[in-house]
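Enquirer: Take a look at this one; I'll ask things after.
The values are calculated or read from the model by the stated rules, or taken from the named source; none is laboratory data. Predicted, not measured: the structure shown is a model, and the values here were computed from it. Every residue, glycine among them, receives a Cβ derived from its backbone with ideal geometry; neighbour counts consider all protein chains shown. What goes into the accessible areas is simple: the full protein's heavy atoms, side chains included, and nothing from ligands, DNA or RNA. Shrake-Rupley method; radii C 1.70, N 1.55, O 1.52, S 1.80 Å.
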Amino acid sequence: MPSRFPGALSQDWEPVVLHKAKPKAQVLRDPKAVNQAIRSGAPVQTVKKFDAGLNKKVAAAPVNARKLDEGTEPAALDRVGVEVRQAIQKARVEKKMSQAELAKQINERTQVVQEYENGKAVPNQAVLAKMEKVLGVKLRGRSGK
């Protein structure tokens, strides 16, 4: 009769140790568990929360914090210049294209073209390059600023 287990059989005599799962945070905060730990002599850490149990409204941020925030914030971003806006509009009208058609040709949303023509967009060199290619007009460089 053939053996079910091919090859040499060996036994593992190493002990297997099973550990209890660590108690969850919610259980550790339970007053019963804290009292039991105190009675058994286990170390218990207590931390008093700042203004714990007081019904005080949070005061507004001090003036110094506001100044610090304003100082670290970047300045307003540059927007598309008037010359660039006019050049885009003029070239688009000369090619008899709508904003939607231009947006489709440069693979952008119509809203992007509108923002560039209205001067609300932050200049993106990649978008300007696509517009230059389609419209055949220089939009970047010294004339753009």
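Enquirer: Pairs under 8 Å by beta carbon, first residue without any contact (Cβ under 8 Å) to a residue 40 or more places away in the chain in segment 85-102, partner open to solvent by 70 Å² or more (accessible area, probe 1.4 Å), six or more apart or different chains?
Expert: Arg85/Asn118; Met97/Gln105; Gln99/Gln114
Enquirer: Right, another one. Out of everything in segment 1-26 that is modelled with pLDDT of 85 or more and of a type in the set (A, V, I, L, M), what residue ends up being most open to solvent (accessible area, probe 1.4 Å)?
Expert: The qualifying residue most open to solvent (accessible area, probe 1.4 Å) is Leu18.
Enquirer: Which condition does Gly141 not pass, out of (1) at pLDDT 90 or above; (2) open to solvent by less than 50 Å² (accessible area, probe 1.4 Å); (3) not β-branched (Val, Ile, Thr), if it passes all the others?
Expert: (1)
Enquirer: Within the bounds of segment 93-106, is there any residue that is open to solvent by 30 Å² or more (accessible area, probe 1.4 Å) and in contact with a Leu (Cβ under 7 Å, 6 or more places away or on another chain)? Walk me through it before giving the result.
Expert: Start the filter on segment 93-106 by keeping residues that are open to solvent by 30 Å² or more (accessible area, probe 1.4 Å), which leaves 93-96, 98-101, 104-105.
Filter once more, keeping what is in contact with a Leu (Cβ under 7 Å, 6 or more places away or on another chain): 95.
Yes; the residues of segment 93-106 include at least one that is open to solvent by 30 Å² or more (accessible area, probe 1.4 Å) and in contact with a Leu (Cβ under 7 Å, 6 or more places away or on another chain).
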